[in-house]
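Everything below concerns the one structure shown next.
What follows draws every value from the coordinates through simple rules; no lab data is involved. Note that the coordinates shown come from a computational prediction; the quantities given were computed from them, not determined experimentally. For neighbour counting, all protein chains shown are included, and Cβ atoms are generated from backbone atoms with ideal geometry for every residue, glycine included.
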Amino acid sequence: MRKNVCKLRGIGKSFGTNDVLRGIDLDLFAGEIVVLMGANGAGKSTLVKLICGYHSLDSGDMELDGNPYLPVDPAGAISAGIVTVHQSIDDGVIPDLDIATNLMLDHLTRPNAGLWVHDRKLRQEATTIAQSMGITTDVRTKVAHLGVADRQMIAIARAMARSPKVLILDEPTSSLSATEAERLFALLDTLRDKGVAILYISHRMSDIRRVADRIVSMRDGAISGVFNDKPLEYDNAVTAMLGHAMTDIDITPVESGSPILEIRNLQLEADSPLINLSACDGEVIAISGLLGSGKSRLAEILFGQRKPYGGSLLIDGAPYAPESAGDAVEWGVHLSPKDRGTNAVIPTFNITDNISLPFLRSFTRLGLLSGNRQKHSADNMINQMGVVCQSAKDGINTLSGGNQQKVMIGRWLLKPCRLLLLDEPFQGVDIGARRDIGRHIRASAKGRATIVFVAEIDEALEIADRIVVLHESQIVGEHRNTNIDLNVLIAQVSGAVNTETTSTAL
Amino acid sequence: MKSDRFLDFAIRYGFLLLLVVLILYFSVAASGFASPRSAAFILQSVAITGILALGVTCTLVVDGFDLSIGSVATSALMLSAYAMVILELSAFTAVVLCIGMGALVGLINGLLIVKFRVPDLLATLGMMFLLIGLQRIPTQGNSISAGMRLPDGSNAEGTFSAAFLWLGRHRFDLFLEKLVPVPVVIFLLIAIAIWVFLGFTRHGRLMYAIGSNERAASLVGANVNRYKIVAYMISGVTASIGGILLAARLGRGDIASGNNLLLDSVAAALIGFAVLGAARPNAFGTAIGALFVGILLQGLTMMNAPYYTQDFVKGAILVAALVFTFYLSARQSAGGKSQTKT
């Protein structure tokens with residue numbers, strides 16, 4: 001019999017009148033990875049926050065190793081052996097300190113820690129931890145100078161340095177590339193073998209397939225399905241999470257009209273191969289590639305955030321060389337950026353003000369903003385996108401991630417454009433909202449060209465008429481979205497095919 | 001939920017209610033408080049601070065901070081005196097010079113912050129020091145008054161012109177003869193202008209967006225750097241207007257006046273966060289914040305509270321307003337509807 005490390009019974013939590021969790025039962029066994037699935041707003045994050053001591057529970061019991069467990073604060077949870085790696089990485093690391101200090105922070109805060117800091121000893125211990133995690137950078141490097149993936153590994157390394165009984169990971173791969181994610185999974189395998197109980201929260205099917213021993217689906221604050229038996233029934237888990245079966249998307253690529261955007265001999269890096277691509281009226285193109293493949297850079301160039309090393313752009317036949325975001329918008333090029341929290345959301349504004357922000361000029365009469373006209377447009381967009389909210393005056397932060405993303409994309413659909421760019425539009429969005437967004441983008445595609453930048457192939461297949469694969473700043477594949485040979489596509493994305501541009505079914 | 005609604009009400013109207021209660025209390029307790037003359041006096045006492053505070057509000061909106069306003073105001077004071085008394089220029093030229101100086105200082109502050117990436121507090125702190133020093137150099141550290149002895153042994157020929165003094169001393173008739181001083185009118189005009197600009201124009205909306213998430217604002221096409229520079233220029237111009245009015249009231253270029261301007265105006269802008277539960281810089285709140293301080297001080301003075309308790313009272317209001325803003329609003333959003341972010 002496996003050891004039941006953490007046992008939750010009848011957990012309930014409400015904020016005001018809103019019952020966020022209603023009677024959750026959950027067991028975490030030693031040496032097992034449990035994947036917790038749930039749409040945005042299902043209560044996953046709240047559950048995690050209860051377990052790791054950020055919130056106190058309203059009803060129910062928690063047991064750890066057979067003893068009652070009731071953390072008063074995060075520090076209490078950690079000393080009891082429950083360690084959490086949060087979704088937003090910068091909560092897990094202190095950017096201005098070096099790697100060594102970050103890794104050893106917990107040693108410094110222990111009650112019996114001495115007064116003096118022994119730098120040499122600190123660095124030695126830190127190096128040992130870092131190496132066990134596969135981090136090879138000098139531990140004296142400032143964390144601010146590291147990439148997102150390395151920071152994430154450091155946050156996890158710090159968690160591991162506490163030798164936890166229970167490890168909770170909240171969407172740990174959302175900013176990792178495929179190889180980096182694989183490093184993380186390998187680590188999780190080791191930890192599982194050592195007998196750590198792991199709770200893994202994710203939307204990504206590819207992650208879930210890779211790591212799950214058991215899947216628990218949550219919906220509306222309750223457990224809606226537990227899947228134990230091998231092989232795991234992924235489809236049923238998704239159904240349990242959504243409350244209804246997911247219909248398969250059937251895309252019929254449209255016959256595209258005349259070209260709107262033409263990319264001619266564009267160079268993303270100093271000596272990189274030339275990129276040629278045109279995007280046509282009514283067409284949705286997905287540009288797919290790993291982190292670092294150049295797709296973000298291409299998006300930045302198209303939106304005037306960066307200059308290309310060579311080549312030119314044409315919009316409707318006229319040379320297009322935007323100097324700034326404002327310039328690009330003037331040209332009718334709209335970009336919904338990735339990482340909405342950093343790049344798009346104005347946290348102190350309500351939904352209406354967030355939606356109307358790029359086009360305030362058109363809501364202005366005699367120099368003054370017209371609140372009514374803004375509200376009218378916002379209400380309209382909320383209906384079109386299916387944003388779940390009480391009114392257009394709700395603060396943006398009262399919305400779940402998927403709904404926030406709908407608002408951020410709706411912002412750029414408010415006015416017609418020639419070229420719509422969506423950089424990772426499905427980041428941190430549950431599958432239901434993802435389908436809503438995809439449907440709306442395809443339905444409104446006429447009259448403009450649309451380019452979607454996504455790392456996940458599943459997402460590209462769901463939305464695009466044409467899929468273009470980037471690898472190391474080069475187009476390595478181009479596919480019309482019918483009967484695509486997935487193996488070829490995956491090989492191109494991961495860089496396994498490194499020949500000249502291979503085109504299939506074009 | 002009853003308690004939620006009460007909290008909501010308290011956050012929105014608590015500060016205004018407190019203001020009304022204060023006025024009622026002083027009207028009863030201090031004879032002569034509830035009179036037009038006393039009201040005009042209070043307004044006059046807060047007008048200059050209020051004008052500076054409105055400028056600070058603009059920099060707070062873009063998530064900046066301008067520490068140099070106090071020294072811009074005293075520089076304007078000295079510059080106007082120097083221009084009229086020693087250079088014998090007209091009142092109009094002196095005013096234009098001062099406003100130009102304020103705009104220039106704001107421009108330099110803005111450029112230091114957006115182009116040279118100096119953090120706002122440090123850039124404006126540096127500017128503050130620089131101006132405090134600079135305004136003393138032409139007069140070798142002396143105050144300026146009409147007929148003063150110049151370094152070359154002669155006496156200054158120029159005077160403060162009547163038109164200039166009018167700015168600080170004239171009172172318009174309103175119900176009573178000679179009731180409303182010019183600075184009060186200017187304060188109200190600037191307050192309305194900044195209130196409309198921040199609250200009802202797209203530029204104001206974009207400035208709030210920049211203050212909340214600069215990166216997102218730049219990605220919707222706002223020219224972030226230009227707006228930040230404009231905010232500091234507004235702040236510089238309002239500070240120089242404050243300095244001109246102070247000079248016109250005093251009638252001399254007094255090196256030591258205006259010491260309290262910076263702290264008082266920053267306090268008014270911060271107290272403004274608590275008005276109507278805004279929890280962010282706003283022009284209406286700033287004006288109310290300035291009035292609040294003025295009313296309390298006037299009331300206490302009329303009840304014979306000694307002058308040296310004034311700063312203590314201001315500090316106490318500020319701390320109370322900040323608790324009100326940050327603690328209560330934070331509780332409201334934590335206890336409010338869905339915080340369920342996944």
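In table form, for the structure just shown:
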item	result
Average beta carbon contacts from partner chains per residue of B:215-228, 10 Å cutoff	6
Pair residue B:9, residue B:142: separation of 7 Å Cα→Cβ label points (nm)	6.4
Neighbouring partner chain Cβ atoms per residue of B:269-275, average, 10 Å criterion	0
Where labels lie 7 Å past Cα in the beta-carbon direction, separation of residue B:16 and residue A:205 in nm	5.4
Set of the stretch A:303-330 residues, backbone N closer than 12 Å to the point 7 Å along the Cα-Cβ line of residue A:265	A:310-313
Note, ³J(HN,Hα) from phi for the stretch A:350-359, Karplus 6.51, -1.76, 1.60, rounded to Hz, x at Gly and Pro	7, 4, 4, 5, 5, 5, 7, 3, x, 10
Residues whose placed amide H lies under 5 Å from that of residue A:84, excluding near-sequence neighbours	A:168
Rounded FRET efficiency, nearest 0.05, which uses the C-beta distance separating residue B:327 from residue A:25 and R0 of 51 Å	0.90
Cα centroid of the stretch A:328-348 to Cα centroid of the stretch B:143-211, whole Å	41
Qualifying aspartates and glutamates (Cα of each under 15 Å from Cα of residue B:314; at least 8 residues distant if same chain)	B:264
Computed E for residue A:132/residue A:234 - FRET, C-beta separation, R0 22 angstrom, nearest 0.05	0.10
Efficiency of FRET between residue A:314 and residue A:397 - r from beta-carbon atoms, R0 60 angstrom, step 0.05	0.90
Pair residue A:366, residue B:166: separation of 7 Å Cα→Cβ label points (nm)	3.1
The stretch B:270-281 - phi-based ³J(HN,Hα) in whole Hz, Karplus 6.51/-1.76/1.60, Gly and Pro as x	6, 4, x, 4, 7, 6, 6, x, 5, 6, 7, x
Spin-label zone in the stretch B:225-241 - amide nitrogen under 16 Å from a point set 7 Å from the Cα of residue B:111 along the C-beta vector	B:225-234, B:236
Descending Cα extents along the principal axes, chain B, whole Å	77, 56, 34
Of B:107, B:89, B:174, the one that fluctuates the most in a GNM where chain B has Cα springs shorter than 10 Å	B:174
Out-of-range pairs (alpha-carbon distance over 24 Å; input A:44/A:194; A:307/A:338; A:415/A:446)	A:44/A:194
Whole-angstrom gap from the stretch B:57-131 to the stretch A:270-301, using each part's C-alpha centre	48
All lysines inside 19 Å of residue A:121 as judged from Cα atoms, apart from same-chain residues fewer than 8 positions distant	A:142
Among beta bridges that DSSP assigns inside chain A, antiparallel share in %, nearest 5	50
Calculated [θ] (222 nm, deg cm²/dmol) that DSSP helices of n ≥ 4 give over the protein assembly as shown, each run adding -39,500 (n - 2.57)	-15000 deg cm²/dmol
Amide H within-cut-off set for residue A:224, under 5 Å, with H built and near neighbours excluded	A:217, A:218, A:219
Fully extended contour minus Cα-Cα distance, from residue A:444 to residue A:390, at 0.36 nm per residue	16.9 nm
0 to 90° range, to nearest 10: angle between helix A:99-109 axis and chain A longest Cα axis	40
Net charge, residue B:201 excluded, C-beta distance under 12 Å - Lys, Arg +1, Asp, Glu -1	+4
Whole-Hz couplings from phi, Karplus 6.51/-1.76/1.60, listed for the stretch B:306-319; x for Gly and Pro	x, 4, 6, 8, 4, 5, 4, 4, 4, x, 5, 4, 4, 4
Cα gyration tensor, chain A - rounded (a/c under 1.5), prolate or oblate	prolate
Dipole in debye (nearest 20) - the protein assembly as shown, about Cα centre, beta carbon charges: Lys, Arg +1; Asp, Glu -1	2060
Extension gain, residue B:174 back to residue B:103 (0.36 nm per residue minus Cα-Cα distance, nm)	22.2 nm
DSSP-defined antiparallel bridges as percent of all bridges, the protein assembly as shown, nearest 5	55
Rg(Cα) / (2.2 N^0.38 Å) computed for the stretch A:4-242, rounded to two decimals	1.02
The stretch A:4-242 - charge dipole about Cα centre, Lys and Arg +1 at Cβ, Asp and Glu -1, debye rounded to 20	360
Among beta bridges that DSSP assigns inside the stretch A:4-242, antiparallel share in %, nearest 5	55
Lys, Arg +1 and Asp, Glu -1 on Cβ, resulting dipole of chain A about Cα centre, debye, nearest 20	940
Positive-end residue, the protein assembly as shown charge dipole about Cα centroid, Cβ charges, pick of A:111, B:179, A:357	B:179
